[in-house]
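The values are calculated or read from the model by the stated rules, or taken from the named source; none is laboratory data. Being a predicted model, the structure only gives us computed values, none of them experimental. Every residue, glycine among them, receives a Cβ derived from its backbone with ideal geometry; neighbour counts consider all protein chains shown. SASA here: full protein model, heavy atoms, side chains in, ligands and nucleic acids out. Shrake-Rupley method; radii C 1.70, N 1.55, O 1.52, S 1.80 Å.
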Amino acid sequence: MSKLTMKPRSTHAFIQKSGRLRLVLTAGALAAATVAVTSAAATDYARLNIVGDSLIGFPDRFDIGVVKADGKVEQADTETGFDWAVAGAADLVPGRSVETTIPVFNNTPTVKADTTFKIVLRNGDGTVAAGVPNILSFLRFTAADESGKVLVSNVTWDQAKGSLGVLEPRWGAVLRQGDTYTAAAAGSEKKLKLTITYVDGPGVENFNGGQTAIAVHFDATSVTQ
């Protein structure tokens, strides 16, 4: 008699590092399989091909994207990111605010995407260029989702982070960079409304003509349940 004990473990991961999107896919380990085979022959063996519906692994690319103002898909999956235009940002002065709404969607057919956001600094510290005052310390951020639920309110850049929630699977055709966005399953898209306020406070006069360089960074983790 021979006894075959197999404890296969499979982990499939895909990681994209970028200035705007960081996408992660993990798959859990397979359960241990134990098989006992009895034979009267002098030798025997047992072979088990470990498969799921077909083979081990996730056949689709785990992916989220954003929808540009022109309705096109933007992956924003490089370190440089994508320049997201915010109306009025170039004319922002102390005591004023600007707003932008960013649609984020799950571009994966069958897996949910638990999605978070945060403000990050470009150029290491938000400095635009040598000699240009950095107004970062005077900026405050408020974020809300598409339902109007406030996620963070009037916080500094390092506190401007939170959960956008779980994006449902797309259950539709995967879109590619530059495609015209088409809505798919309910809940597969969410919107982040970001408000940036330039505080009029003590010392702000010393930053006349100042600017800062920031980005919005979205993270998504696959969720199978």
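Overview of values
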read-out: Two-site FRET efficiency, residue 97 against residue 49, from Cβ-Cβ distance with R₀ of 45 Å, rounded to 0.05; value: 0.15
read-out: Relative contact order [Cα under 8 Å, 6+ residues apart], the stretch 37-140, whole percent; value: 23
read-out: Per residue, in Å², the accessible surface of the stretch 83-190 once ligands and nucleic acids are set aside, probe 1.4 Å; value: 52
read-out: At R0 = 41 Å, FRET efficiency that the Cβ-Cβ distance of residue 42 and residue 224 yields, to 0.05; value: 0.35
read-out: Long-range HN-HN contacts of residue 152 with modeled amide H, under 5 Å; value: 143
read-out: Protein accessible area in the stretch 70-152, 1.4 Å probe - carbon and sulfur %; value: 50
read-out: Probe 1.4 Å, all protein chains present, accessible-area order of 198, 45, largest first; value: 45, 198
read-out: Solvent accessible area, Å² - residue 93, 1.4 Å probe, full protein context; value: 70
read-out: Linear extension gain, residue 82 paired with residue 128, 0.36 nm per residue minus alpha-carbon span; value: 14.9 nm
read-out: Separation in nanometres of the label points that stand 7 Å from Cα toward Cβ, at residue 110 and residue 61; value: 1.9
